[in-house]
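The values are calculated or read from the model by the stated rules, or taken from the named source; none is laboratory data. Computed from a predicted structure; not experimentally measured. Note that we place each Cβ from the backbone using ideal geometry, even for glycine, and neighbour counts take in every protein chain shown. Note: areas computed on protein heavy atoms with side chains; ligands, DNA, RNA excluded. Shrake-Rupley method; radii C 1.70, N 1.55, O 1.52, S 1.80 Å.
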Amino acid sequence: MELLEREAALAELSGLAERARAGDGQLALVAGEAGVGKTALVERLQREVPDARWSWSACDGLFTPLPLGPLFDLASQLGGELAALCAADAERHRLFGALLSQVSAPGVPDVVVMEDVHWADEATADLLRFLGQRLAGAPVLLIVTYRDEAVAATHPLRLALRDLAGIARRIDLSPLSAAAVRRLAGPAVGVDPAQLYRLTGGNPFFVTEVLQAGLADVPVAARDAVLARAARLGPEARRLLDVVALAGHRVDPALADLVEPGAAAALDEIVGTGLLTADGPWPRFRHEMTRLAIEQGVPVHRRGPIHARILATLATLGCADAARMAFHAEAAGDGPAVLRHALPAARRAAALGAHREAIAQYERVLRVTASAGTSLDAEQLAALHDDLAAELSLIDRCEDAEAAWSRARTLWRECGNRLREGAALTQLAAVLPRLCRGGESRRAATGAVRILEPLGPGAELATAHAFLAGRLMVDGEYPAAAGAARRAAAMARALGLASVLSDALNIEGCVAHSTDDDGTPAIQESLRIAMGAGLHEQATRAFVNLHATFGCQRRFAEALRVFTEGIAYCEDHDISTYGTYLRGEHALALERTGQWEPAATGCERLLAMTASPANRLTPLISLARIRARQGAGEVSELLGEALTGAIGSEHVQYICLARLARGEAHWLAGQDDLARQEAEHAAAVAGRCIGWDRGAVSAWLRRTGSALAPPPGPLPGPYQREMAGQAERAAREWAALGCPYDAALALADSAEERLLRQALEAFTGLGATAAAGITRLRMRRLGIRSVPAGRRPAPRTGPLGLTVREQQILDLLGDGLSNAEIAGRLFISPKTVEHHVSAVLAKTGTRTRKSAVTRAQSQDG
């Protein structure tokens with residue numbers, strides 16, 4: 001059938017293929033609703049680029065997929081090292097590297113197709129990211145098709161697509177126009193093109209099904225059109241069609257022949273109707289909507305027996321896809337077979353970093369064990385809950401992880417296995433803080449040590465001491481935390497436990513940081529041990545704490561380096577719990593350095609996700625502070641949730657951060673008494689916080705006129721200057737650290753007109769409308785004349801797409817100022833100015849500062 005209204009998309013793909021042929025690797029994302037013609041478009045491209053080596057793969061939506069299913073599809077076609085590694089169950093980084101190497105070899109250009117990636121498992125999403133970021137210089141075109149509306153905001157694929165946004169070329173396919181539908185319908189007897197368009201919405205698949213079914217009346221669903229075509233088949237072919245629809249998108253002739261003897265002739269008959277296509281190595285359904293229509297038409301009472309025959313036949317053929325076998329086993333009601341296949345499928349998925357697929361398999365086992373006739377003994381069931389909880393905790397499904405570990409603990413206790421009960425209780429203590437249930441976490445941690453100590457030294461007791469150390473640390477009990485961490489480290493060294501040693505050193509470093517010592521060497525050693533031993537969870541924990549430590553110390557360049565490495569590691573191993581935390585801390589660093597637009601965007605994205613309560617705290621606080629400073633709406637709901645979570649977590653630094661954020665919001669709203677109360681609440685916990693937090697509390701107590709004494713302990717340099725009334729010196733130190741808002745706040749505390757005007761200019765440049773208003777009010781109360789009036793905030797992006805700060809930089813470039821002079825004028829660091837200048841040059845499409853100014857002036861004219 002004719003391919004209509006796809007000329008532009010085809011031309012774009014052809015251009016990408018030519019660039020790939022020249023050694024400039026390309027990634028094309030072909031998106032559109034089901035049935036819109038994504039596959040048809042790629043197949044047309046194949047006919048136009050016949051000299052390339054084409055490799056096809058797809059994600060299957062029928063069952064919980066085999067992790068890296070598309071990679072295994074490609075291995076069967078490419079052979080070589082990739083196929084050998086797949087057969088050897090190699091680690092996924094070796095599989096990724098082998099695939100990239102084989103499709104990047106010089107000679108015939110490669111076109112690699114991955115279809116239906118909206119069904120991708122996490123490992124496949126990571127593969128897509130891996131390939132997309134490494135195509136440069138390779139003669140390969142990677143084409144990915146997917147339904148955009150089918151990819152949830154929290155799905156790993158969505159994150160991968162976001163990361164590839166600057167690399168990939170996206171091609172969106174829309175439904176056909178009424179004119180195109182009319183052209184497709186042609187002289188079809190009895191079909192009203194207008195009615196056909198109205199009911200199909202221009203969906204090419206639906207239109208084609210109606211026309212090929214030869215229906216005089218347009219059906220109300222594509223399913224009816226598909227079933228009408230199927231009704232033309234003879235009884236043997238119709239029976240076989242039901243079987244292959246339940247077996248999957250592709251049809252294995254050997255499987256079909258064993259399930260339905262003499263299937264070859266019946267397959268030919270089905271292909272003849274167009275329901276199956278035979279243009280590849282195996283026949284396959286022309287579209288997943290076709291398969292679904294047939295599957296849904298199979299009577300429920302016939303499905304189980306068909307699945308049982310498929311399962312038996314796959315076993316005869318030696319099928320090694322445990323996920324596929326587990327699916328058919330459950331559908332057949334064969335509980336023992338589910339246990340045989342789902343558990344290995346889960347463990348393989350976990351090993352490949354496909355944690356959601358592992359969880360799906362563990363949950364499948366739990367479903368069948370809840371039914372009659374299939375059971376695990378108590379120890380097996382307890383171990384299953386342990387494994388399930390471990391996977392759940394890695395993807396931030398912490399409520400479910402808490403339930404699974406609670407169940408595991410109960411089962412181990414009923415079995416009389418105190419060692420495993422204590423271990424489960426330790427893990428329960430570790431997940432409860434993610435739910436902001438600090439008190440329960442502490443009781444669980446101390447309870448685990450109490451259970452395990454009488455059993456003597458071992459991995460379980462060492463782990464329990466490490467987690468207890470972490471709990472004591474966030475409670476602000478630093479000597480006790482240090483002691484527990486040292487006990488854990490000593491036990492770990494004696495027993496050769498790299499995982500526990502990594503965690504213990506991590507906590508030791510955090511304790512040192514919390515007591516104003518430099519804890520980064522210990523955390524870096526923790527990370528080195530974890531990376532060397534392939535301990536993914538421990539490594540991500542070390543990345544998180546190292547990044548947070550650098551951020552708290554305002555060592556933002558080092559924090560950015562750790563974030564870049566850490567987020568890549570979290571994504572490579574699909575550990576979203578710590579990846580989400582890292583993104584939240586990164587948004588906080590952006591906020592502190594005055595990069596409010598990307599900070600707010602990052603916070604909004606994180607809060608739109610389904611994240612654990614603890615992972616929401618930092619985004620809630622950062623977003624609220626930005627909005628409050630900008631005067632951009634009510635923030636009480638954000639800060640209310642943040643304070644509730646912080647108090648529930650019993651984490652002293654979060655409590656301090658949330659209290660100060662609420663105090664600042666009140667201050668910006670002119671509610672001085674409420675602001676003072678919040679600062680005093682923060683002071684109640686500040687004695688157990690780091691120097692930077694104590695400094696912030698001291699500054700806000702002073703700013704709000706509190707009579708309360710500042711918390712005891714040394715303060716970092718900028719806060720020392722503020723407390724000494726040295727506003728200008730404090731501002732310069734803040735600027736050197738890259739903290740423009742803090743610099744402006746320090747200036748705004750002065751009574752000197754010159755400094756207040758500088759503060760006002762800095763607030764205006766940041767878009768801190770509310771803070772600028774407070775400064776104007778202070779200036780007027782001091783009797784300062786000619787106070788600049790507040791002006792309407794500039795649009796987020798003007799004609800050239802410049803932010804408020806970038807426009808301010810551009811204006812100063814027009815005055816001929818150097819980076820250092822601009823930094824001095826705006827109280828930001830020269831490095832920050834350099835970043836803004838680079839952004840201005842990019843957005844104006846110029847190479848020099850003078851050209852950027854000229855371009856802006858011409859735009860204004």
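Considering region 736-753, and only residues there that are without any contact (Cβ under 8 Å) to a residue 60 or more places away in the chain and in a helix (DSSP H, G or I), the residue that is nearest to Leu660 (Cα to Cα) turns out to be Leu745.
Taking into account only those residues within region 348-365 that are open to solvent by 40 Å² or more (accessible area, probe 1.4 Å) and modelled with pLDDT under 95, which is farthest from the chain's Cα centre (by Cα)?
Per the criteria, the residue is Arg348.
Taken over region 30-49, the criterion of being basic (Lys, Arg) and surrounded by fewer than 21 Cβ atoms within 10 Å (Cβ to Cβ) is satisfied by Arg44, Arg47. Say we look at region 514-528 and pick out the residues that are of a type in the set (A, V, I, L, M) and within 12 Å of Val544 (Cα to Cα); which of these is nearest to the chain's Cα centre (by Cα)? Going through the qualifying residues, I end up with Leu527. Residue check: Ala608 meets all listed conditions (1) farther than 30 Å from Pro479 by Cα; (2) touching a residue at least 12 places away in the same chain (Cβ under 8 Å); (3) touching a Lys or Arg at 6+ places or on another chain (Cβ under 8 Å) but one, namely (3). Taking the criterion of being in a loop (DSSP other than H, G, I, E, B) and either more than 20 Å from Leu455 (Cα to Cα) or without any contact (Cβ under 8 Å) to a residue 12 or more places away in the chain (or both), the residues of region 369-428 that qualify are Ala370, Ser371, Ala372, Gly373, Thr374, Ser375, Leu376, Asp377, Ile395, Asp396, Arg397, Gly416.
Test of understanding: among Glu585, Glu604, Glu597, Glu641, which residue is over 24 Å from Pro740 (Cβ atoms), open to solvent by 10 Å² or more (accessible area, probe 1.4 Å) and of a type in the set (D, E, K, R)? Let's see the steps before the verdict.
Working: Glu585 fails: over 24 Å from Pro740 (Cβ atoms); Glu604 fails: over 24 Å from Pro740 (Cβ atoms); Glu597 fails: over 24 Å from Pro740 (Cβ atoms).
Of the residues listed, the single one that is over 24 Å from Pro740 (Cβ atoms), open to solvent by 10 Å² or more (accessible area, probe 1.4 Å) and of a type in the set (D, E, K, R) is Glu641.
Residues in region 429-441 that are in contact (Cβ under 8 Å) with a residue 12 or more places away in the chain and assigned to a helix (DSSP H, G or I): Ala429, Ala430, Val431, Leu432, Pro433, Arg434, Leu435, Gly438, Gly439, Ser441.
Whether a residue is open to solvent by less than 20 Å² (accessible area, probe 1.4 Å), at pLDDT 95 or above and farther than 14 Å from His385 by Cβ was assessed, and Ala448 passes this test.
Among residues of region 804-845 being assigned to a loop (DSSP other than H, G, I, E, B) and either open to solvent by less than 30 Å² (accessible area, probe 1.4 Å) or among the aliphatic types (A, V, I, L, M) (or both), the one that is modelled with the highest pLDDT is Leu817.
Every listed requirement among (1) in contact with a Pro (Cβ under 7 Å, 6 or more places away or on another chain); (2) at pLDDT below 85 is met by Leu276 save one, (2). For Leu623, the requirement of being buried (at least 24 other Cβ atoms within 10 Å of the Cβ) and under 24 Å from the mean Cα position of the chain (by Cα) is met. When Arg780, Arg721, Arg702, Arg732 are screened for being of a type outside the set (Val, Ile, Thr), out of contact with any Gly (no Cβ under 8 Å at 6 or more places or on another chain), surrounded by fewer than 24 Cβ atoms within 10 Å (Cβ to Cβ) and without any contact (Cβ under 8 Å) to a residue 12 or more places away in the chain, only Arg780 passes. Under 7 Å by Cβ, and 6 or more places apart or on different chains, what pairs join a residue from region 485-497 that is open to solvent by 90 Å² or more (accessible area, probe 1.4 Å) with one that is part of a helix (DSSP H, G or I)? Between residues of region 485-497 that are open to solvent by 90 Å² or more (accessible area, probe 1.4 Å) and residues that are part of a helix (DSSP H, G or I), the close pairs are Arg487/His465; Arg493/Leu501. Note on region 63-76: residues that are in a loop (DSSP other than H, G, I, E, B) and either aliphatic (A, V, I, L, M) or modelled with pLDDT of 90 or more (or both) amount to 2.
Matching residues to (1) open to solvent by 40 Å² or more (accessible area, probe 1.4 Å); (2) outside any loop (DSSP other than H, G, I, E, B); (3) without any contact (Cβ under 8 Å) to a residue 24 or more places away in the chain:
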residue	(1), (2), (3)
Ile167	yes, no, no
Ser174	yes, no, no
Arg183	yes, yes, no
Leu196	no, yes, yes
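Condition first: farther than 29 Å from Ala349 by Cβ and surrounded by fewer than 18 Cβ atoms within 10 Å (Cβ to Cβ). Now tell me which residues in region 50-71 satisfy that. Please lay out each step first, then the result.
We begin by selecting, within region 50-71, every residue farther than 29 Å from Ala349 by Cβ; these are 50-53.
If the condition is that a residue be farther than 29 Å from Ala349 by Cβ and surrounded by fewer than 18 Cβ atoms within 10 Å (Cβ to Cβ), then Pro50, Asp51, Arg53 are the ones that fit.
Looking at this structure, is Arg471 of a type in the set (Lys, Arg), touching a residue at least 40 places away in the same chain (Cβ under 8 Å) and open to solvent by 20 Å² or more (accessible area, probe 1.4 Å)? No; evaluated as a whole, the condition is false for this residue. Within region 8-60, being out of contact with any Leu (no Cβ under 8 Å at 6 or more places or on another chain), assigned to a loop (DSSP other than H, G, I, E, B) and within 13 Å of Ile143 (Cβ to Cβ) holds for one residue alone: Val49. Looking at region 77-96 only, could you name the residues that are part of a helix (DSSP H, G or I) and farther than 19 Å from Arg348 by Cα? Of everything in region 77-96, those that are part of a helix (DSSP H, G or I) and farther than 19 Å from Arg348 by Cα turn out to be Gln77, Leu78, Gly80, Glu81.
Please enumerate the residues belonging to region 133-159 that are among the charged types (D, E, K, R) and under 28 Å from Pro175 (Cβ atoms). Spell out the reasoning first.
First, the residues of region 133-159 that are among the charged types (D, E, K, R): 134, 147-149, 158.
Those that are among the charged types (D, E, K, R) and under 28 Å from Pro175 (Cβ atoms): Arg147, Asp148, Glu149, Arg158.
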